[in-house]
1. Quickly run through region 271-294 and pick out the residues that are more than 25 Å from residue 242 (Cβ to Cβ) and either of a type in the set (Gly, Ala, Ser) or touching a Cys at 6+ places or on another chain (Cβ under 6 Å) (or both).
2. Checking the conditions here, which among 303, 324 is at pLDDT 95 or above, buried (at least 18 other Cβ atoms within 10 Å of the Cβ) and either under 25 Å from residue 120 (Cα atoms) or touching a Lys or Arg at 6+ places or on another chain (Cβ under 7 Å) (or both)?
3. Select the helices (runs of 4 or more DSSP H) contained entirely in region 133-209, then report the ones holding at least 2 residues which are at pLDDT 95 or above and surrounded by fewer than 17 Cβ atoms within 10 Å (Cβ to Cβ).
4. On the given criteria, is residue 223 among the basic types (Lys, Arg) and more than 20 Å from residue 137 (Cα to Cα)?
5. Could you give me the residue pairs with C-beta distances under 9 Å whose first residue belongs to region 182-202 and is free of Cβ contacts under 8 Å to residues at least 12 places away in the same chain, whose second residue is surrounded by 14 or more Cβ atoms within 10 Å (Cβ to Cβ) wherever it lies, and which are 6+ apart or on separate chains?
6. Does residue 122 count as more than 18 Å from residue 260 (Cβ to Cβ), crowded, with 19+ Cβ neighbours inside 10 Å and of a type outside the set (S, T, N, Q)?
7. Within region 21-44, is there a residue that is crowded, with 21+ Cβ neighbours inside 10 Å, out of contact with any His (no Cβ under 6 Å at 6 or more places or on another chain) and modelled with pLDDT under 95?
8. Could you list all residues from region 329-358 that are within 26 Å of residue 108 (Cβ to Cβ) and either of a type in the set (A, V, I, L, M) or in contact with a Lys or Arg (Cβ under 7 Å, 6 or more places away or on another chain) (or both)?
Amino acid sequence: MQHVLQTALSAGLSATSGFHSSKPPPVPKHHDNTQDLMPSGFLPQGLPEGKVTYRGKNSNVDASWITIGAWPWGDTATWHWDDSTERGPLKQAWQILLKNGVNHIDTAQVYSSGESERICGELVAGTNRNDFVMQTKWWMLPADPENIKHPKDGPFEKLKGTLERMKLDYVDVYLVHGHIHAQSIATVAKSLAHCVDEGLTKTVGVANYSTKDMLHMRDELAKYDIPLAVNQCEYSILRRQSETSGLLKACKENGIVFQSYSSLAQGRLSGKYSSSNEPPKEYRFSSYPMKYVEPTLEVQNRIAEKRGVPVAAVALNYNLMHGIVPVVGVRKPEQAEQDSAALGWALSREEIAELDQVSFEGKTTALWQQG
């Protein structure tokens, strides 16, 4: 499945600005950059002081303000994972994250054809079940054998396989990976409700859903007394479309947590790349030439130096100050440290305004990224 996903990425599935348009669209001049900011005085912190609540039917889930993305774990097609050398550093990184109050892992059934889920299970083996939050996503392509065999209960049947790979009794959060499922939203909602009622997950949500489809899913889940807990879409300084479209506002008005994937634009906002050192071609999210991103990095660098934090921490704190839970990939101890450094401080309104001036809106694609 990982190679299916990578083929789709290469074909333009993930492009946020049409099919790999090279110039990032600006934020509309009429947009109010302050409308979605957290209240003055908000300070994102690690657990136990800072937590985000995902609403469930029988119980809620409290998790950290940062979520660790496990897409790279085991993935050889996009992330060139080397199992012989990366398991040890990953375990060290996980311990650093826990120490810094970050306990939430995000994976998916499609990531490395299930290997990411296996690694997730191994990583938390022996850990008190209340000390971590596990989140995965339903692989909803119609051609998947389980979805063919169980067209009305694909999410439920696929989740059973997830739990076998993870060696867990339940996950905390279960998302629909995208809106391209053949089943109706009503049918998917019924299967998600089945997952909750059978105790396979505590909460449910969606990813890449538009405002319209997200609220439709909310209404269908409400028939089973189940809240829609989360919508996960791409968001960063380079891709604010979820904000400018009103999706972020709709999430807040309805008690739906908004998570951002590609929070560092696949490394473009980490300080790792430049116009003389472009990211690998496989990194398709916000895939703009670095010449357009370097003015953004200049502002990030200036703020990072003043604050005494890594460049990446500035980009993550920008998301946090909008009330967004950033999902960020971690493979190494140094990445765990730099990402954790986004907690415990807050960008000023003036610093946010500086970043707004060098931010972009991005676009959606009908095929994948509605939100």
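The values are calculated or read from the model by the stated rules, or taken from the named source; none is laboratory data. Treat the numbers as computed from the prediction; the structure is a model and nothing was measured. Cβ placement follows ideal geometry from the backbone for every residue including glycine, while neighbour counts extend to all protein chains displayed.
1. Answer for region 271-294, where residues must be more than 25 Å from residue 242 (Cβ to Cβ) and either of a type in the set (Gly, Ala, Ser) or touching a Cys at 6+ places or on another chain (Cβ under 6 Å) (or both): 274, 275, 276.
2. 324
3. So the answer is 154-166, 185-197.
4. In short, yes.
5. From region 182-202, the pairs are 184/220.
6. On the way: more than 18 Å from residue 260 (Cβ to Cβ): yes; crowded, with 19+ Cβ neighbours inside 10 Å: no; of a type outside the set (S, T, N, Q): yes.
The answer is no for residue 122.
7. Looking for residues that are crowded, with 21+ Cβ neighbours inside 10 Å, out of contact with any His (no Cβ under 6 Å at 6 or more places or on another chain) and modelled with pLDDT under 95, one finds at least one in region 21-44, hence yes.
8. Across region 329-358, the qualifying residues are 330, 336, 342, 343.
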